[in-house]
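Take a look at the structure below.
The values are calculated or read from the model by the stated rules, or taken from the named source; none is laboratory data. These numbers come from a predicted model, not from an experiment. Virtual Cβ from ideal backbone geometry, glycine too; neighbours counted across all protein chains shown.
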Amino acid sequence: MQKPGHRRRALIASSCAVAAAVAAIAVSGAPVGARDSVRDVATGRHVRVAGATYQALATQSVRLLESTFYNGTGLWHMCVPVICNTKNRDWGADALTNVLYFRWLTDHDQTVLPLVRTLAQTAHLWTPGERGSSDSVMWDAVADARMYQVTGSKVALAKAEAAMRWIGTVPGLATGACPVIDYQWPYGHRGRLKTIETSSSYIKAALLLYQITGKQSYLLRAESQYAQVRRYFLVPSAQLYTAYMFDSGSACQVLPGQYFASVNGNMIWAGQALAAATGSRRYLSQAVATALAVQAHLSDGAGVFADLQADNDITGPLVEAMYSLATTGHQAFAARWLMTNASAAGADDNSLGEFGRFFDGPPPGSLATAWQISGGIAVMQAAAVLYPGGHPADPAFWAHATFVADSRSLRGRTLRIAFTGRAIAIMGTIGDICCMAGHARVFVDGVQTFNRTGIWQNMSSPSRRQPDQVLFAWRWQADGHHVITIRPGQYDREEGGSFFRMTGYQVVG
């Protein structure tokens, strides 16, 4: 098996094949709007520079992660500056650990080593039959494997393999009408939900362990589960994977149009890894088809990825998958996707350097969470390899915005926002009411967003109200007259009924 440093050199060498295409992309940040400062994490001050490159922004964002979200003892804060909780398990924490792995992969940054070694010690060891949700344990398995790849820690490897064993020891997970897909909780407790988060992370963890150990059993398990995920969660007409299935025990019903960045990223990555492990190009073709669908269907009018999930998704796995396609897969469109999003994310960080979950939206306000910031940090690492000397095209993009105070809610009616400009961000509170209930459908100039999540305002992974947050963001290539229409959501067992309440919106003219 290749050591991490050898793999990094191979990736960077192969990325030269797409470098010319990347450099030609106008939105990738040819230095037309050079950022004039970066934050010195040691002092907290912004230092004026001639123009912060992607390489500088990548380093700055990782230093921010190390100095604010990391608590110094092997745990991650899930929110800053207000600390909502601190832990080293489940996907919020795992997303930040995976960013450190991605930094190691792309830059071989030695500063991440002591953090990852400590995180490997504090990561949870899952024991047979222990209570837990299947998706949480599988996210942990991936992070454990990544920690091993960075450090060679036998502790991390043992924990990854223990997590994989765990899923076969809990009665009631592999039950229901579709037992090949595990419930999130045994016997369908908590809504009879089965989620592709479990299955796609299981595939990724199994493939990572196959790469690490060479055990054929891990490859066989990954191939088998990959086939089942395509059978149940793939939407053939879209070539994208939806996130949720409800298994009543007698029938399985998939909730269409829930296109998480994380799970589609996992499946793109898995297709590439399976192609490399088996020699079958069918897997690579499937990965490319989904990646192209992400680019075509899940972008706004300016081609920037629009993460319409609530604060319950992470973008890092999608960035990692696109990076792998761009470098080892020689797919120039994936490099363009990365640079388009890195350029947009250059205007998505606040004075502390924290990114929001919308690459095409304004920075986070009073609170930033692990789920929000991890994607922006990851995309900067990719950009630093693909175009290290480049700059975001307009890092002051949202500084030009005008805020319109507009406190409205649906109350069963249709709500319309008409404006003239080239970008809009609708603001409000995430977790506005209790218990995840309430979402709304969004139509952009009369067309419903391809991702049917729309606005799911009341899902808050940190389980706290988050005021002054971006609920929805969209850009266009040029100024124009646009209408955003918010319509009541249709009830389902995961998102609940209809809810939408905003405090106003920002418009860039």
Q | Qualifying positions in region 157-175 - more than 23 Å from the chain's Cα centre (by Cα) and either surrounded by 22 or more Cβ atoms within 10 Å (Cβ to Cβ) or in a loop (DSSP other than H, G, I, E, B) (or both) | A | LYS159, TRP166, ILE167, GLY168, THR169, VAL170, PRO171, GLY172, LEU173, ALA174, THR175
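Between THR73, THR97, THR68, which is of a type in the set (S, T, N, Q) and outside the structural domain of PHE355 (by TED's automatic domain parsing)? Write out each step before concluding.
Details: THR73 fails: outside the structural domain of PHE355 (by TED's automatic domain parsing); THR68 fails: outside the structural domain of PHE355 (by TED's automatic domain parsing).
Going through THR73, THR97, THR68 in turn, the sole match is THR97.
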Q: Filter region 176-187 down to residues that are in a loop (DSSP other than H, G, I, E, B), surrounded by fewer than 24 Cβ atoms within 10 Å (Cβ to Cβ) and not β-branched (Val, Ile, Thr) and give me whichever is nearest to the chain's Cα centre (by Cα).
A: GLN184
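Before we move on, is THR429 more than 28 Å from PHE102 (Cα to Cα) and either at pLDDT 95 or above or of a type in the set (A, V, I, L, M) (or both)?
On the way: more than 28 Å from PHE102 (Cα to Cα): yes; either at pLDDT 95 or above or of a type in the set (A, V, I, L, M) (or both): no.
For THR429, the condition - more than 28 Å from PHE102 (Cα to Cα) and either at pLDDT 95 or above or of a type in the set (A, V, I, L, M) (or both) - is not met.
Surrounded by 19 or more Cβ atoms within 10 Å (Cβ to Cβ), among the polar types (S, T, N, Q) and assigned to a strand (DSSP E or B): is that true of GLN457 in this structure?
no
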(Q) Take the conditions closer than 15 Å to TRP371 by Cα and without any contact (Cβ under 8 Å) to a residue 40 or more places away in the chain and apply them to LYS159. Does it pass? (A) no
Q. On the given criteria, is ARG190 surrounded by fewer than 19 Cβ atoms within 10 Å (Cβ to Cβ), part of a helix (DSSP H, G or I), under 25 Å from the mean Cα position of the chain (by Cα) and not assigned by TED's automatic domain parsing to the domain that holds ASP107?
A. no
Q) Of all residues in region 389-424 being surrounded by fewer than 13 Cβ atoms within 10 Å (Cβ to Cβ) and among the hydroxyl-bearing types (Ser, Thr, Tyr), which is nearest to SER498 (Cα to Cα)? A) THR414
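For (1) in the same structural domain as ALA370 (by TED's automatic domain parsing); (2) touching a helix residue (DSSP H, G or I) at 6+ places or on another chain (Cβ under 8 Å); (3) buried (at least 22 other Cβ atoms within 10 Å of the Cβ), each residue gets a yes or a no:
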| site | (1), (2), (3) |
| --- | --- |
| GLY257 | yes, no, no |
| LEU274 | yes, yes, yes |
| THR278 | yes, yes, no |
| LEU284 | yes, yes, no |
| ALA287 | yes, yes, yes |
| ALA291 | yes, yes, yes |
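Mind counting the residues in region 468-485 that are of a type in the set (A, V, I, L, M) and either surrounded by 23 or more Cβ atoms within 10 Å (Cβ to Cβ) or touching a helix residue (DSSP H, G or I) at 6+ places or on another chain (Cβ under 7 Å) (or both)?
Quick first cut of region 468-485, residues of a type in the set (A, V, I, L, M) only: 470-471, 473, 478, 483-484.
From what's left, either surrounded by 23 or more Cβ atoms within 10 Å (Cβ to Cβ) or touching a helix residue (DSSP H, G or I) at 6+ places or on another chain (Cβ under 7 Å) (or both): 470-471, 473.
Matching residues across region 468-485 total 3.
How many of the residues in region 267-325 are of a type in the set (A, V, I, L, M), outside any helix (DSSP H, G or I) and more than 15 Å from the chain's Cα centre (by Cα)?
In the first step, residues of region 267-325 are kept if they are of a type in the set (A, V, I, L, M); the result is 267-268, 270, 273-277, 284, 287-289, 291-294, 296, 298, 302, 304, 306, 308, 310, 314, 318-319, 321-322, 325.
Now restrict to residues that are outside any helix (DSSP H, G or I): 298, 302, 304, 306, 308, 310, 314.
From the residues that got through so far, the ones that are more than 15 Å from the chain's Cα centre (by Cα) too are 302.
So the count comes out to 1.
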Q: Run THR242 past the list (1) more than 20 Å from the chain's Cα centre (by Cα); (2) not assigned by TED's automatic domain parsing to the domain that holds TRP139 and report the number of the one that doesn't hold.
A: (1)
Q) Which of the residues that make up region 195-220 are free of Cβ contacts under 8 Å to residues at least 24 places away in the same chain and in a loop (DSSP other than H, G, I, E, B)? A) LYS215
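Of everything in region 117-136, what is in a helix (DSSP H, G or I) and free of Cβ contacts under 8 Å to residues at least 40 places away in the same chain? Give them in sequence order. Write out each step before concluding.
So in region 117-136, the residues in a helix (DSSP H, G or I) come out as 117-122, 134-136.
Residues satisfying the conditions are ARG117, ALA120.
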Q: Mind listing whichever residues of region 170-217 are in contact with a helix residue (DSSP H, G or I) (Cβ under 8 Å, 6 or more places away or on another chain) and of a type in the set (Gly, Ala, Ser)?
A: GLY172, GLY176, SER199, SER200, SER201, ALA205, ALA206
Q.
What are the pairs with Cβ atoms under 8 angstrom where one residue, in region 381-407, is of a type in the set (Asp, Glu) and the other, located anywhere, is in a helix (DSSP H, G or I)? Sequence gap at least six, or different chains.
A. ASP394/SER343
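Return yes or no: is LEU352 modelled with pLDDT under 95, farther than 25 Å from ALA243 by Cβ and assigned to a loop (DSSP other than H, G, I, E, B)? Show your work before the answer.
On the way: modelled with pLDDT under 95: yes; farther than 25 Å from ALA243 by Cβ: yes; assigned to a loop (DSSP other than H, G, I, E, B): yes.
Taking the combined requirement at face value, the residue satisfies it.
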**Q.** Test: residue in region 475-486 that is at pLDDT 95 or above, outside any loop (DSSP other than H, G, I, E, B) and within 23 Å of the chain's Cα centre (by Cα)
**A.** yes
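If a residue must be among the small types (Gly, Ala, Ser), in contact with a helix residue (DSSP H, G or I) (Cβ under 6 Å, 6 or more places away or on another chain) and assigned to a loop (DSSP other than H, G, I, E, B), how many such residues does region 330-349 contain? Reasoning before the result, please.
The initial filter retains those residues of region 330-349 that are among the small types (Gly, Ala, Ser), namely 332, 334-335, 342-347.
Applying the additional criterion that residues be in contact with a helix residue (DSSP H, G or I) (Cβ under 6 Å, 6 or more places away or on another chain) yields 332, 334-335, 342-343, 345, 347.
From what's left, assigned to a loop (DSSP other than H, G, I, E, B): 347.
Number satisfying all stated conditions: 1.
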